[in-house]
Amino acid sequence: AHIRRIKRKRYHKGCQCPGVPGIITAPPALRLLPKTLLGVSVWTAVLLDKYLYARPTHRLCEEFRQLGLPIAQGTLTDGVRRLAPLFEPVREALRDKQMSEALFHNDETRWEVFEEVPGKHGHRWYLWVTRSGAVVFYQMAASRGAVVPKGHFADLQALEVVVVCDRYTAYKCWAKSQ
């Protein structure tokens, strides 16, 4: 672990010319997220730790603190929320790739979400997974109804499709409408 300190040179003008600033400095280093002191290496560690290794954020904060970099959990949570739109093109490309295939494995499981959402009562949500040969696609849904697989498979390009799933009625309703 290291802290990188960037020292930018400052130049003082040596003349009395009007319109020239008194001190000239180089622009600051670009940040992945504006108005944050954390660099790309920290955000890379956060994303890998959270989504690849599935470790809770508070444990990562504790590790950073032990390495001499105290970061509040709210800082990381807010940063991940701000990073999410950057991954939208990747998400769409993965979904497009999956919709070009013809064999899928589907399942859903209950998922507790402790965030208040207008129109949603309770904390019970569902995590739906659709796996094809090249892509594993996850999506959160407030319901367990057939509307979720119908929406996901709406843009299928293959004429014949096989969905391997359990006997849950949402899949039957979706299959009948195809």
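The values are calculated or read from the model by the stated rules, or taken from the named source; none is laboratory data. Since the structure is predicted, the reported quantities are computational estimates derived from the model, not experimental observations. Cβ atoms come from the backbone with ideal geometry, glycine included; neighbour counts cover every protein chain shown. For the accessible areas, the whole protein counts, side chains as well, though only heavy atoms, and no ligand, DNA or RNA atoms are used. Shrake-Rupley method; radii C 1.70, N 1.55, O 1.52, S 1.80 Å.
Restricting to the range 79-106, name every residue that is more than 13 Å from Leu32 (Cβ to Cβ) and among the charged types (D, E, K, R). Once the filter is applied, which keeps residues that are more than 13 Å from Leu32 (Cβ to Cβ) and among the charged types (D, E, K, R), the range 79-106 yields Arg81, Glu88, Arg91, Glu92, Arg95, Asp96, Lys97, Glu101. Looking across the range 131-150 at every residue that is buried (at least 17 other Cβ atoms within 10 Å of the Cβ), outside any loop (DSSP other than H, G, I, E, B) and in contact with a helix residue (DSSP H, G or I) (Cβ under 6 Å, 6 or more places away or on another chain), the one that is modelled with the highest pLDDT is identified as Phe137.
Any idea which residue in the range 28-45 is modelled with the lowest pLDDT, counting only those that are in a helix (DSSP H, G or I) and in contact with a Phe, Trp or Tyr (Cβ under 9 Å, 6 or more places away or on another chain)? Applying the filter and picking the extreme gives Val42. Being of a type outside the set (A, V, I, L, M), modelled with pLDDT under 90 and exposed (fewer than 12 other Cβ atoms within 10 Å of the Cβ) is a property that holds for His121. Consider the range 9-27 and keep the residues that are open to solvent by less than 90 Å² (accessible area, probe 1.4 Å) and under 30 Å from Pro70 (Cα atoms). The one that is farthest from the chain's Cα centre (by Cα) is Thr25. From the list Arg55, Arg81, the lone residue that is within 20 Å of the chain's Cα centre (by Cα) and loosely packed, with under 11 Cβ neighbours inside 10 Å is Arg81. Could you please let me know if Leu94 is open to solvent by 50 Å² or more (accessible area, probe 1.4 Å) and not in a strand (DSSP E or B)? Here the answer is yes, as Leu94 does meet what is asked. Note on the range 106-117: among residues that are open to solvent by 70 Å² or more (accessible area, probe 1.4 Å) and over 15 Å from Val148 (Cβ atoms), the one that is farthest from the chain's Cα centre (by Cα) is Glu116.
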